[in-house]
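One structure is given below, encoded as structure tokens.
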Amino acid sequence: EPRNRLLDETGRYVLAECKNWSSPAGAKHLRDFLVKMQDCHVQLGIFFSRNGVTGTDDKDAVGVTKKTFHREGRLLVVLDLEDLRAIAAGEDLSGLLDRRCDSLRFQFA
């Protein structure tokens, strides 16, 4: 049985939340989700947001994901509608999550 390296690293549980909103989710929404992750003792979260999240680089919601990893070691990956379309077209979800987590790991907040 093939193993998932990301789950080997973060544990077997993943928490997910979906937002089918017409505008990007903000930092408050990601922080609320992080509290849920913490309450459930989960190290990997996937936040599906149709229109992504607010901010660029280290500002607003984008910065929340980076700072959380570098301060607490928890991985919060945001996937948007384009990511879901790519997955539906055959993109490997596991590989996509690996790349996003590597991006969080090697970009400093």
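The values are calculated or read from the model by the stated rules, or taken from the named source; none is laboratory data. Quick caveat: nothing in here was measured; it's all calculated off a predicted structure. Ideal geometry is used to build each Cβ from the backbone, glycine not excepted, and the neighbour counts take in all protein chains shown. In case anyone asks, the SASA skips ligands and DNA or RNA and just uses the protein heavy atoms, side chains included. Shrake-Rupley method; radii C 1.70, N 1.55, O 1.52, S 1.80 Å.
Checking ILE46 against (1) in contact (Cβ under 8 Å) with a residue 40 or more places away in the chain; (2) open to solvent by 20 Å² or more (accessible area, probe 1.4 Å): exactly one of these is not met. Which one?
(2)
Hey, can you tell me all the residues within the range 68-82 that are acidic (Asp, Glu) and in contact with a Gly (Cβ under 8 Å, 6 or more places away or on another chain)?
Answer for the range 68-82, where residues must be acidic (Asp, Glu) and in contact with a Gly (Cβ under 8 Å, 6 or more places away or on another chain): just ASP80.
Tell me, which helices (runs of 4 or more DSSP H) wholly within the range 33-109 include 1 or more residues that are acidic (Asp, Glu), under 15 Å from THR10 (Cα atoms) and modelled with pLDDT under 95?
Once the helices (runs of 4 or more DSSP H) in the range 33-109 are filtered for at least 1 residues that are acidic (Asp, Glu), under 15 Å from THR10 (Cα atoms) and modelled with pLDDT under 95, what remains is 60-72, 93-106.
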